[in-house]
Amino acid sequence: MRPDLFEAPDYYNLDELLTDEHKLVRDAAREWVKREISPIIEDYAQKAEFPTQIINGLAEIGAFGPYIPMEYGGAGLDQISYGLIMQEIERGDSGVRSTASVQSSLVMYPIWKYGNEEQRQKYLPKLASGEWIGCFGLTEPDHGSNPGGMMTNFKDMGDHYLLNGAKMWISNAPFAQVAVVWAKNEEGRIHGLIVERGMEGFTTPETHNKWSLRASATGELIFDNVKVPKENVLPNKSGLGAPLGCLDSARYGIAWGAIGAAMDCYDTALRYSKERMQFGKPIGQFQLQQKKLAEMITEITKAQLLTWRLGVLRNDGKATSAQISMAKRNNVDMAINIAREARQILGGMGITGEYSIMRHMMNLESVITYEGTHDIHLLITGLDVTGLNAFK
Ligand SMILES: Cc1cc2nc3c(=O)[nH]c(=O)nc-3n(C[C@H](O)[C@H](O)[C@H](O)COP(=O)(O)OP(=O)(O)OC[C@H]3O[C@@H](n4cnc5c(N)ncnc54)[C@H](O)[C@@H]3O)c2cc1C
């Protein structure tokens, strides 16, 4: 892969809306991505391997629990800093951002929000430092967009719970030490359980042959009569709203992350368009290529404004789930379209691993599907504005 010459676009001077702390946090993450991710990521994506050596670095830039209070090892930052970290990491690779998102919003968040003090003390500092990596088991083979239909279940055996079922498409599963698993009790109510690697009957086979998020490890979680200690149930929230609350936080991070992937594709295509000569001119001088670049920067700028405003609302505790759905859907769609257009600007070179664009494009095919598909988020907006439920 070529040297990382990334320069972040800021067409509407959005930096003026950021605090000094936001810029410090973002610039540290940006520098770290240039130094530690860009030189190795193409190789790891080609090998379909997660680069485990970056885990400490992710912890150091605050990517594990950016908004979790410092008393639990988190970075104690606000929602905009959290978003900016996700933006910068995904500028490097969506798979690496997925690992950070899962750790922060799908594992640390539920333990912090729905767990008791003992659970917080036991798990959060180790997850924040990267000593432990976590995963989040909601999706099942027969229940993706409709997680409420899940079959995974646990029974009260007196001194412990007995967990049975299977989850699939679980990011970080193959190497995670801890899994936050959503399962139904005997009354059919959904609860979160903390399952640890090494518990008898718990296995995590890896999912192979992905063309997308190749630098992120994905796997299954299989529970075959797993004895889960009673103290491992998250006591403070149950029902489908509990996992959905985690997804709100992760989807918000994805909305920022997608901007990072789009920025990288745009910046690469812009630079290439000024250097590549055809018909005696740089291709950036042709109107058709300018149209692509002009539309890209317009869409990136709109997404930045949408997402910054969503961050302000989240900081004030006012952002709704439907607002988060809109930003996730819009920004991932925006990024995937920019990746496709940017790939064309690079002609044949666009399909090679010399440049990041094709990797981003393939990664974004997962990002547009996970954490609620493009269509599901549209239906959430539809429900919000009409009050009429298309899911029933
Ligand atoms: C790489 C990767 C990593 C993932 N990581 C995790 C993870 O860490 N943890 C986890 O729990 N899950 C994870 N997922 C799972 C992901 O969230 C699901 O794939 C997603 O929710 C969609 O579920 P599905 O694949 O079963 O598709 P389905 O639900 O079968 O959907 C198939 C199609 O039908 C459409 N559809 C479904 N219902 C409706 C409807 N009512 N109206 C209109 N259209 C509809 C969908 O939009 C989609 O286009 C991951 C997925 C991938 C690909």
Mind checking which lysines have their Cα closer than 22 Å to the Cα of Lys328? Skip sequence neighbours fewer than 8 apart in that chain. Lys302, Lys318
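Across the chain, where is the longest run that never hits GluC sites (Glu not before Pro) in a DSSP loop with at most 14 other C-beta atoms within 10 Å? Can you show the working numbers first?
Numbers: sites that count: Glu7, Glu49, Glu131, Glu186, Glu187, Glu200, Glu354.
By the stated rule (loop sites, at most 14 other Cβ atoms within 10 Å), 201-353.
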Apply the Karplus parameterisation 6.51 cos²θ - 1.76 cosθ + 1.60, with θ equal to phi minus 60°, to every residue of region 336-350 and state each ³J(HN,Hα) to the nearest whole Hz, in sequence, with x for glycine and proline. 5, 5, 5, 4, 5, 5, 5, 4, 5, 4, 7, x, x, 4, x
Using 7 Å Cα-to-Cβ label points, what is the Tyr12/Met199 separation (nm, one decimal)? 4.6
On Cα atoms only, tilt of 374-386 relative to the major axis of the chain in degrees: 80
With n ≥ 4 as the cut-off for DSSP H runs, can you work out [θ] at 222 nm for the chain, using -39500 (n - 2.57) per run divided by the number of residues, rounded to the nearest 500? -15500 deg cm²/dmol
Excluding same-chain residues fewer than 8 positions from Lys291, which aspartates and glutamates have a Cα within less than 13 Å of its Cα? Glu299, Glu341
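With a ≥ b ≥ c the root eigenvalues of the C-alpha gyration tensor of region 333-384, is it rounded (a/c under 1.5), prolate (a/b larger than b/c) or oblate? Intermediate values should be presented prior to the final figure.
Numbers: a/c = 5.42, a/b = 2.66, b/c = 2.04.
Prolate.
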Which Rg and Dmax, in Å, describe the Cα atoms of the chain? 20.9, 80
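Order the peptides 325-335, 343-353 from the highest to the lowest mean number of other Cβ atoms within 10 Å of their residues.
Numbers: 325-335: 24.7, 343-353: 15.5.
With the highest mean Cβ count within 10 Å placed first, the list reads 325-335, 343-353.
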In region 30-181, what percentage of the DSSP-assigned beta bridges are antiparallel, given to the nearest 5? 55
Degrees between helix 79-92 axis and first principal axis of the chain (Cα, 0 to 90, nearest 10): 60
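Would you mind finding the longest exposed-site-free stretch of the chain, with exposed chymotrypsin sites (Phe, Trp or Tyr not before Pro) meaning DSSP loop and at most 11 other Cβ atoms within 10 Å?
12-210
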Residue-ordered couplings for region 199-207, obtained by feeding phi - 60° into the Karplus form 6.51 cos²θ - 1.76 cosθ + 1.60 and rounding to whole Hz (Gly and Pro as x), are 5, 4, x, 10, 10, 9, x, 7, 8
Can you tell me what percent of all Cα-Cα pairs in region 135-180 are more than 18 Å apart? 36
Which entries in Lys126/Lys392; Lys34/Lys210; Lys210/Lys237; Lys167/Lys230; Lys113/Lys230; Lys237/Lys392 show an alpha-carbon gap greater than 30 Å? Lys126/Lys392; Lys210/Lys237
With +1 on each Lys and Arg Cβ and -1 on each Asp and Glu Cβ, and nothing else charged, work out how big the dipole of region 115-197 is about its Cα centre, in Debye to the nearest 20. 200
With the dipole of region 246-386 worked out from charges on the C-beta (+1 for Lys and Arg, -1 for Asp and Glu) around the Cα centre, which of Leu270, Ile283, Leu378 lies farthest toward the positive end? Ile283
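Once the piece of chain linking Ala390 and Asp224 is laid out straight, how much longer is it, given 0.36 nm per residue of separation minus the C-alpha distance between them? Please report the intermediate quantities before stating the final value.
Values: separation 166, 0.36 × 166 = 59.76 nm, distance 3.55 nm.
Extra length available between Ala390 and Asp224 comes to 56.2 nm.
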What's the extension gain from Asn164 to Ser129 if we count 0.36 nm per residue and subtract their Cα-Cα distance? 9.5 nm
Listed residues Val233, Leu221, Gly245: farthest to the positive end of the dipole of region 193-247 (Cβ charges): Gly245
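Can you tell me the FRET efficiency between Thr19 and Arg276 if r is taken as the Cβ-Cβ distance and R0 is 41 Å, rounded to the nearest 0.05? Show your work: numbers first, answer last.
On the way: r = 39 Å, r/R0 = 0.95.
E(calc), rounded to 0.05, equals 0.60.
Only Lys, Arg, Asp and Glu count, each charged at its Cβ (+1, +1, -1, -1), so figure out the dipole size of the chain about its Cα centre, rounded to 20 debye.
Numbers: 40 positive and 48 negative charges, 156 e Å.
Charge dipole, the chain, about its Cα centre: 760 debye, nearest 20.
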Place the peptides 95-108, 311-324 in order of packing, highest mean first, counting for every residue the other Cβ atoms within 10 Å and averaging per peptide. 95-108, 311-324
Quick shape check on region 1-114: root eigenvalues a ≥ b ≥ c of the Cα gyration tensor, a/c under 1.5 is rounded, otherwise prolate if a/b tops b/c, else oblate, and it reads oblate
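Stretch Gln46-Arg340 to full length: gain in nm at 0.36 nm per residue minus the Cα-Cα span?
Numbers: separation 294, 0.36 × 294 = 105.84 nm, distance 1.96 nm.
Gain on extension, Gln46 to Arg340, equals 103.9 nm.
Can you classify region 86-143 as rounded, prolate or oblate using the Cα gyration tensor, where a ≥ b ≥ c are the square roots of its eigenvalues, rounded means a/c under 1.5, and otherwise it's prolate if a/b beats b/c and oblate if not?
Working: a/c = 2.40, a/b = 1.27, b/c = 1.89.
Verdict is oblate for region 86-143.
Each reported figure results from applying straightforward, stated rules to the coordinates on display, with no laboratory input. Predicted model, so just to flag it, every value in this text is computed and none were measured. Ideal geometry is used to build each Cβ from the backbone, glycine not excepted, and the neighbour counts take in all protein chains shown.
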